[in-house]
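What follows is calculated from the coordinates using simple rules that are stated; it is not laboratory data. Only a predicted model underlies this, so the values are computations on that prediction, with no experimental measurement involved. As a convention, Cβ positions derive from the backbone with ideal geometry for all residues, glycine included, and neighbour counts pool all protein chains shown.
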Amino acid sequence: MDERSSSQVRVIVTGVGVVSSAGRTVDQFWRTLTDPLHASKSYSRGDGATAGTPRPADFSGSIDDFCDLPDAQRKVIRKALKLMNRETQMGVAAGQQALADSGITGQYDPDRLGICFGADNVAIMPEDFQRGVEACSSADGHFDADRWGEDGIKEVAPLWLLKCLPNMPACHLAIINDLRGSGNTITQRDVSANMAVAEACRSIRSDTADAVLVGATGTTLTTFNHLHAGFEDEIAEYDGVCRPFDRYRTGSVPGEGAGAIVLEEMHCALRRGATIYGEVLGAASASAVRLDRMAACRTAMGSALRQTLRRSGQSPASIGHIHAHGLGTRESDLAEAQAIRDIFGDLASTTPVVAAKGHLGHAAAGSGVLELIASLLALKNGHLFPVRHYIDADPECRVRPVTRFDEPAGTSFLNVNMFGRGLASCVAVAAFSV
Amino acid sequence: MQRRIVVTGIGCVTPLGNSPTELAAGLYSGRIGVGRLTLFDASNFPVRIAAEVRDWDLAAAGLEARRWQHCPRQTQFAIAAGLQAARQSGIDDAMFDRERLGVYLGCGEPFEDFNAFTRSVHASMKSDGGAANTFTSTALRIFDPEVEREAEPDMPAIHLGGLLNARGPIANCISACVSSTQAIGESMRMIQQGEVDVMLCGGAHSTIHPFGVTGFQRLSALSLRNDDPESAVRPFDADRDGFVIGEGAGLFIIEERGHALRRGAEILGEITGYGSAQDAYRVTDSHPEGRGTAAAITRALASAKLNPQDIGYINAHGTGTILNDKVETLAIKRAFGQQAYRIPVSSTKSMLGHATTACGAIELAVCLISLQTGVIPPTLNHEKPDADCDLDYVPRNAREVSCRHVMTNNIGFGGQNAALIVSKYEEGSRTRVAVARAA
């Protein structure tokens, strides 16, 4: 067998990058999560959205937002910017940060570098169609859709469709950084990021890559995504605050952001003396679509947790903390707390649970990887961060959300995400030791 | 020993017919599925032709209208094809741990309702110069939430997960026109690495929609032969001028060989190779020498532990655009060397049109049919030789070819490439069979 003996292969994290409402560098991001002063500040209300909207306000999509780059790469990105929608820009910026952080540029044969991203369906932007609609409107302001084929279509930008493809963050990153290995984009909403991590590990284990850039990007703030988010979940309309696991939680809060990590085969990374954030021990995804919503989420998440523990050789007692999905809706948090209880038993009362959505809101497909990075930084720094806006314990959610700034992170964690139709994905990560 | 992955169920919905049997009949009779675009009024569009799934009828496909009518066409196609594949494989009646059953599809983006969207844009421009508030309030009033919730690329996978009572991973990927090819390849890898035993995989898509035609027409990718639809897709022909939008679905039940044998399932073929590669060149164009396409092919051969001379037929991406067919030819030569001139290569898009993210899955069904019948479908409309395209493209007529391994190759926007190899199923260890044959 010329494949790596797959059970022996160890996959480690050697670079991270973020664009988020808590900061658009990794340092800022961690500072915000762990800053007691910040925790009392509230977000300003965003434009167009109906709730308080955590968004990376300092991310404008200008070339300086793509981290400190060599001139050649700046040129390529600047040229490509007109083809990138906001999700793509955020994803590319996070990816560039992660690659720079890992220092892998120039270290590998490009054919051995893969990329796997998580993304959402890209909603069509109204502004891309304004000129076409105008061209189909008469002087008295009457719009005639039947004229589209003749008058409207030619007003649409020639490369418009390429802005709408969810695989664009991965493709731009591959082009900018000459990643010629396998490339894929998983569009499985909230569970996409953990699934992308799992797929990248599979690719390294099957010896088709030495390193894979994994990331995810998303927004529920653009006009149409926002509508869709509202159709899918309860939104915390009334005060615009996401309170994961809190007794008085009212719903999710739309947000946006992207994150990326570099995964590498251990020997390759050690040979080049890489900085190591942690080791991916295992991953699993599960589903239970046929059941009703609550039972489906509880069952799927329980199954993902149980299988991830088994595949990683871990037990509930060995897990330092859980990074929960913590969407902040009544049902989702309850189903999640029940699933954790189902698998962890009484240890659910003592295992610390964090949920970065209290800070970040719901960045759709992007959330999963931002949460994974928050926990990687907690491993590195040795302590966790409180679940923002969590004040009153919900007697029904029998888990232990973190409320202190000095809570130890432990040496391993589970990052879990779920999607309300009965899908869950989980990744186990541990501090690295040879 | 590496786990082997076999196909035990095939389902499809295509412009040539809505089952593998109908598809085979259409392919071998040389029927062309391209015609006048009828799904919306395209009479004043620059492009008025498409390869439509004709007379699509939920009831005729065995689906309850009330449950599925709010879903996009691609979801309806995926459900029909997925249930065909499941039925053929018999997994519904099989007793096994459903956590070992997953779904991985490459379904594309369903578009928004065109009239509701443009009306919302118009309302916002009239009242507040295009600001988001009026757009949103208008859209909230006129879009149907039930329809919108279904208009997501992952809904086919989710629905099928429920219908098959899958408890394993459910995923959808989008990597442009290689999506379903990758979904099948990644499913294969999940089984190989022991995470699951059975996967429902493939893809479905329909971009025959005002937004789809707008997007591809603006990219100058579409054939303008409106007056002669049947001759519009001309893969590898000197007079080719673009592709024709198609639609459909191809779904498969694939499973670990021992799992299939133990439950007595009929084995329809073995998936032996998968390769994926990025061009890392440009978002719009393929690498001029087809380096990503060649890499995907080479990786598929390596993963199948096969040599170029082992491949008996290539189902090409062959869209019929000037660039694709030229670059794909170069890539095949780059990957196969001198063998490239010996291997028959055909593009069934000449009959099926281009089903975008679903094309790879439908073409894998074509490959499995070819392995079973020993007859490979032709490239229709390939009449005038092009100096850049100098391989054996199987023009005009289907051809009897006895082969054991066939490849399907796909290329997508953004520099995406993927290839799969399917082989005739043979008992015993694959290595032992190969050694015995060599001796």
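Antiparallel versus total DSSP beta bridges in the protein assembly as shown: what percent is that, nearest 5? Don't skip to the answer; put the middle values down first.
Numbers: 86 of 124 bridges.
Of all bridge pairs located within the protein assembly as shown, approximately 70 percent are antiparallel.
By the compact-protein rule of thumb, 2.2 N^0.38 Å, the alpha-carbon radius of gyration of region B:4-92 corresponds to a ratio of 1.25.
From largest to smallest, the equivalent ellipsoid semi-axes obtained for the protein assembly as shown from the alpha-carbon gyration tensor read 40, 32, 25 Å.
I need the shape label for chain B. Rule: rounded when a/c is under 1.5, else prolate if a/b > b/c, else oblate, with a, b, c from the alpha carbon gyration tensor.
Values: a/c = 1.79, a/b = 1.23, b/c = 1.45.
The shape class here is oblate.
If you take the square roots of the eigenvalues of the alpha-carbon gyration tensor of region B:349-415 and sort them as a ≥ b ≥ c, do you get rounded (a/c under 1.5), prolate (a/b over b/c) or oblate?
Working: a/c = 1.69, a/b = 1.05, b/c = 1.61.
Taking the square roots of the gyration eigenvalues as a ≥ b ≥ c, region B:349-415 is oblate.
Semi-axis lengths, largest first, of the ellipsoid equivalent to region B:22-179 are 34, 24, 14 Å, with √(5λ) applied to each eigenvalue of the Cα gyration tensor. Taking chymotrypsin sites (Phe, Trp or Tyr not before Pro) across region A:220-322, the ones in a DSSP loop with at most 14 further Cβ atoms lying within 10 angstrom of their Cβ are A:Tyr238, A:Tyr248. As a proxy for reagent exposure, ranking B:Lys333, A:Lys154 by other Cβ atoms within 10 Å from fewest up yields A:Lys154, B:Lys333.
Between B:Met95 and A:Thr275, the FRET efficiency estimated from the beta carbon spacing at R0 = 56 angstrom works out to 0.70. Under 18 Å from a label point set 7 Å out along the Cα-to-Cβ vector of B:Trp68, the amide N atoms of region B:342-367 belong to B:358, B:362. By the count of other C-beta atoms within 10 Å, a proxy for reagent exposure, A:Lys75, B:Lys349, A:Lys82 are ordered fewest to most as A:Lys82, A:Lys75, B:Lys349. Exposure proxy ranking for B:Val406, B:Val233, B:Val13, B:Val422, based on other Cβ atoms within 10 angstrom of each Cβ and starting from the fewest, stands as B:Val406, B:Val422, B:Val13, B:Val233. Beyond 21 Å in Cα-Cα separation lie the following of the pairs A:Lys154/B:Lys349; B:Lys305/B:Lys424; A:Lys82/B:Lys349; A:Lys75/A:Lys163; A:Lys79/A:Lys163; B:Lys326/B:Lys349: A:Lys154/B:Lys349; A:Lys82/B:Lys349.
Could you calculate the contour length gain from A:Asp178 to A:Phe231, that is, 0.36 nm times the residue separation minus the distance between their Cα atoms, to one decimal place in nm?
On the way: separation 53, 0.36 × 53 = 19.08 nm, distance 3.92 nm.
So the extension gain works out to 15.2 nm.
For region B:280-430, the dipole from Cβ point charges (+1 on Lys and Arg, -1 on Asp and Glu) about the Cα centre works out to 260 debye, to the nearest 20.
Evaluated at 25 °C with a viscosity of 0.890 mPa s, what Stokes-Einstein diffusion coefficient in µm²/s does region A:373-412 have when Rh comes from the Kirkwood expression over alpha-carbon pairs? Provide the component values of the computation, followed by the final result.
Numbers: Rh = 11.0 Å.
The estimated diffusion coefficient comes to 223 µm²/s.
Shape of region A:178-293 from the C-alpha gyration tensor: prolate (a/c of 1.5 or more and a/b above b/c, with a ≥ b ≥ c the square roots of its eigenvalues).
Distance between the C-alpha centres of region B:151-183 and region B:52-78: 17 Å, rounded to the whole angstrom. Projecting the Cα atoms of A:Thr208, B:Thr293, B:Tyr104 onto the charge dipole of the protein assembly as shown, computed from C-beta unit charges around the Cα centre, puts A:Thr208 farthest toward the positive end. In this calculation the C-beta distance from A:Ser60 to A:Asp35 is compared with R0 = 25 Å, giving a FRET efficiency of 0.60.
Between A:Arg131 and B:Ala131, the simple spin-label model (points 7 angstrom out along Cα→Cβ) gives 2.4 nm. Of interest is the spacing of the C-alpha centroids, which for region B:265-287 and region B:326-354 amounts to 14 Å.
Could you list the chymotrypsin sites (Phe, Trp or Tyr not before Pro) in region A:318-419 that lie in coil according to DSSP, counting only those with at most 16 other Cβ atoms within 10 Å of their Cβ?
Details: sites: A:Phe344, A:Tyr390, A:Phe405, A:Phe413, A:Phe419; in loops: A:Tyr390, A:Phe405.
Loop-located and lightly packed - A:Phe405.
Mean partner shielding of peptide A:413-423, defined as the number of other chain Cβ atoms within 10 Å of each residue Cβ, is 2. A Förster distance of 22 Å, applied to the separation of the beta-carbon atoms of A:Lys154 and B:Arg54, puts the FRET efficiency at 0.15.
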